[in-house]
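The values are calculated or read from the model by the stated rules, or taken from the named source; none is laboratory data. Here the structure is a predicted model, which means the values were calculated and not measured. When we count neighbours, we look across all protein chains shown, and the Cβ atoms used for this are built from the backbone with ideal geometry, even at glycine. Please note that ligands, DNA and RNA were not included when accessible areas were found on the heavy atoms of the full protein model with its side chains. Shrake-Rupley method; radii C 1.70, N 1.55, O 1.52, S 1.80 Å.
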Amino acid sequence: MTASCGVELLQLQVNGQACSFPGVPREATLLHLLRNDLSLNGPKYGCGLGQCGACTVHVDGVAARACVIPAHGVTGRAITTLEGLGTRGRWHPVQAAFEDAQAAQCGYCLNGMVMQAAALLARDPHASEARIRSELSGNLCRCGTHIEILDAVQRAAVRMRAEANR
């Protein structure tokens, strides 16, 4: 499957869909493919160093920074973006809680906050406030909606526990 000039065919599973990308350079990042080739605008380019969290996606259910992940490094893995987490008709509980709590202002950090929170609550639906704060501490928000974001994650945890008990 190796093409000429040091590029290869790359096959990824993105939001439940098999995707093939011919001619992807070895240095291409996952964020580049998601935004530029698939036109997925959930993950944002923020710092480009994996420090702000704006580019967060799930790789096999684990929150990861797409701006520093080589695209070829996730071949065959399940990638989920904000667009694949839920749909307008059926929001993921974290997305619904963020809407209910009005936890967005400019929205730039929102992708990272939602994706990080969803990964946390999938692992630990009983996460304490301290655990939520710790988990989200690596996601930067400059608008000051931290209280609303914390409220949204706590609301989502309650919803997820209620859904699990049905």
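Points to keep in mind about this one:
- Local electrostatic count, Asp124, Cβ distance below 10 Å [Lys/Arg +1, Asp/Glu -1]: +1
- Between Cys143 and Arg88, the distance separating the two model label sites (each 7 Å from Cα on the Cα→Cβ line) works out to 1.9 nm.
- Accessible carbon and sulfur surface of the chain relative to its total accessible area, %, 1.4 Å: 50
- This model, with +1 at the C-beta of Lys and Arg and -1 at the C-beta of Asp and Glu, gives the chain a dipole about its Cα centre of some 140 debye.
- With a Förster radius of 25 Å applied to the C-beta separation of Ala18 and Cys106, the computed FRET efficiency comes to 0.15.
- Here the gap between Ala78 and Arg131, fully extended at 0.36 nm per residue and compared with their Cα-Cα distance, gives a gain of 16.5 nm.
- Once backbone amide H atoms are built at 1.01 Å from N, Gly86 has His92 as its partners under 5 Å, excluding neighbours fewer than 5 places away on the same chain.
- Calculated FRET efficiency for the pair Ala122/Glu27, C-beta based, R₀ 35 Å, to 0.05: 0.65
- 1.4 Å probe accessible area per residue over region 8-77, in Å²: 47
- At 1.306 mPa s and 10 °C, Stokes D of region 15-166 from Kirkwood alpha-carbon radius, µm² per second: 101
- Peptide packing: for 124-134, 25-35, 54-64, the average count of neighbouring Cβ atoms within 10 Å per residue gives the ranking 54-64, 25-35, 124-134, highest mean first.
- Val158-Val62 FRET efficiency (beta carbon distance; Förster radius 25 Å; 0.05 resolution): 0.60
- Selection from Cys109, Leu82, Thr29 lying farthest towards where the dipole of region 26-124 points positive, charges on Cβ: Thr29
- Each Cα pair under 8 Å and six or more residues apart adds its sequence gap; the mean of these over the residue count of the chain is a relative contact order of 21 percent.
- The residues packed around Cys106, meaning those with a beta-carbon under 12 Å from its beta-carbon, carry a net charge of +2 if Lys and Arg are +1 and Asp and Glu are -1.
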